[in-house]
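I have placed the structure first, in the form of structure tokens, so that the comments after it can refer back to it.
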Amino acid sequence: MARILAVGIATLDIINSVDGYPQEDDEVRATAQRRCRGGNATNTLVILSRLGHHCAWAGVLADEADAREIETDLSRHSIDLSAVMTVPQGKVPTSYVTHNTRNGSRTIVHYRDLPEYPASAFEKINLGDYDWLHFEGRNVDGAREMMTHARRLCPQLPISLEVEKDRPGKIDSLFVFADVLLFSRPFARGRGFEDGATFLQAMRKLAPQARLTCTWGEYGAYGLDRNGKTHHSPAFPPPRLVDTLGAGDTFNAGMIDALIDDQNLEAALTHACTLAGHKCGIEGLNL
């Protein structure tokens, strides 16, 4: 199995389940509450670890009790934390999630008081120890420095980039470094597109070297291979929709898992959509 390093954030998620999403200024009683570790990059690593890969996380934690909860969970999933930077002050990112049990949707209010993972820390990592490098597309300036370093030091190391939303610092400038670009429907719609296939054709101009994917909710996901051929996989919804939190991260893990295994893009899309659909039928990431 592959050795995978991901750069991004870990969060503490406080999830309140409600029987129908409340109106503004309503007061409702939660039917359940749970606390768990979240964060796009670390969610993806947890799924990849459960699929048998050896995973490591590069991110920032504060020296406080909630960070210990995150560390314990990641260690339980055999995630290597040797590249983590701990700062003496601050608050780990915390997501307050309202989970609508009627349709499985989730609404998130996010708070963070931590610096981003610095390129200076990333440059101390021995990238030769890894077979795949994955980035959250969030800290654009820092990611650009890290991806430039990785390309210079290990030009053959595959790099995937999650592009969930537009970020300050021109996120498009990162696309040229990636072998795989994992776009979201909100990002595509923010760029004025209502069709995943058309969106990917437009993005091809910015990343002619990459394989491109874009998730499209209940319509599955689209892909564009290096030959310019468009692929599509339908969604695979569970018999009962339980929890969509982390579905996109699960899709990303499925893509990485399949591409590491040298599957073609069409097969990789199907694999990723199947995993994401299964995840939506269970609570959490215990696939």
TODO: Taking the residues in the stretch 169-225 that are in contact with a Pro (Cβ under 8 Å, 6 or more places away or on another chain) and of a type outside the set (Val, Ile, Thr) as candidates, determine which candidate is nearest to ALA150 (Cα to Cα).
DONE: ASP179
Open item on the list: Consider the stretch 121-162. How many of its residues are of a type in the set (Asp, Glu), open to solvent by 30 Å² or more (accessible area, probe 1.4 Å) and closer than 29 Å to GLN89 by Cα?
Closed with: 3
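Going through the stretch 231-257 one residue at a time, which ones are open to solvent by 60 Å² or more (accessible area, probe 1.4 Å) and either under 23 Å from GLN209 (Cβ atoms) or modelled with pLDDT under 95 (or both)?
Answer for the stretch 231-257, where residues must be open to solvent by 60 Å² or more (accessible area, probe 1.4 Å) and either under 23 Å from GLN209 (Cβ atoms) or modelled with pLDDT under 95 (or both): HIS232, PRO237, PRO239, ARG240, LEU241.
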TODO: With the condition kept exactly as written, say whether any residue in the stretch 21-42 is open to solvent by less than 50 Å² (accessible area, probe 1.4 Å) and among the acidic types (Asp, Glu).
DONE: no
Open item on the list: Looking at ASP172 and the list (1) in contact (Cβ under 8 Å) with a residue 12 or more places away in the chain; (2) more than 25 Å from GLU116 (Cβ to Cβ); (3) surrounded by fewer than 21 Cβ atoms within 10 Å (Cβ to Cβ), which single condition is not satisfied?
Closed with: (2)
TODO: Check ASP179 against each of (1) surrounded by 21 or more Cβ atoms within 10 Å (Cβ to Cβ); (2) within 19 Å of the chain's Cα centre (by Cα); (3) under 27 Å from CYS154 (Cβ atoms) and name the one condition it does not meet.
DONE: (1)
TODO: Would you please name the residue that is most open to solvent (accessible area, probe 1.4 Å), looking only at residues in the stretch 269-284 that are assigned to a helix (DSSP H, G or I) and under 11 Å from ALA247 (Cβ atoms)?
DONE: HIS278
Task: Test for SER95: is it under 30 Å from ASP26 (Cβ atoms), among the small types (Gly, Ala, Ser) and touching a Gly at 6+ places or on another chain (Cβ under 9 Å) - done: yes
TODO: Output the number of the condition that VAL84 fails; it satisfies all remaining conditions of (1) within 21 Å of the chain's Cα centre (by Cα); (2) of a type in the set (A, V, I, L, M); (3) open to solvent by 60 Å² or more (accessible area, probe 1.4 Å).
DONE: (3)
Open item on the list: For the list (1) open to solvent by less than 60 Å² (accessible area, probe 1.4 Å); (2) in a loop (DSSP other than H, G, I, E, B); (3) within 22 Å of ASN43 (Cα to Cα), I need the number of the one condition that GLY228 fails.
Closed with: (3)
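Which residues, counting only those in the stretch 266-287, are among the hydrophobic types (A, V, I, L, M, F, W, C) and modelled with pLDDT under 95? So that I can check it myself, show each step before the final result.
Taking the stretch 266-287 and keeping what is among the hydrophobic types (A, V, I, L, M, F, W, C), we get 267-269, 272-273, 275-276, 280, 282, 285, 287.
Within the stretch 266-287, CYS280, ILE282, LEU285, LEU287 qualify.
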TODO: Considering (1) open to solvent by less than 10 Å² (accessible area, probe 1.4 Å); (2) among the aromatic types (Phe, Trp, Tyr); (3) touching a His at 6+ places or on another chain (Cβ under 7 Å), say which one TYR222 fails and leave the rest.
DONE: (1)
Task: Residue within the stretch 195-218 that is open to solvent by less than 10 Å² (accessible area, probe 1.4 Å), assigned to a loop (DSSP other than H, G, I, E, B) and within 21 Å of TYR117 (Cα to Cα) present - done: no
- [ ] Output the qualifying pairs, or none if there are none: Cβ atoms under 6 angstrom, residues six or more apart or on different chains, first residue in the stretch 258-287 and within 21 Å of ASP131 (Cα to Cα), second residue of a type in the set (Ser, Thr, Tyr) and modelled with pLDDT of 95 or more.
- [x] LEU269/SER233
Open item on the list: Can you tell me which residue is most open to solvent (accessible area, probe 1.4 Å) among those in the stretch 87-120 that are more than 21 Å from the chain's Cα centre (by Cα) and not charged (D, E, K, R)?
Closed with: GLN89
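The values are calculated or read from the model by the stated rules, or taken from the named source; none is laboratory data. Just so it is clear, the structure is predicted and the values come from calculations on it, not from any experiment. For neighbour counting, all protein chains shown are included, and Cβ atoms are generated from backbone atoms with ideal geometry for every residue, glycine included. When the accessible area is computed, the model is the full protein with side chains, heavy atoms only, and any ligands, DNA or RNA have been set aside. Shrake-Rupley method; radii C 1.70, N 1.55, O 1.52, S 1.80 Å.
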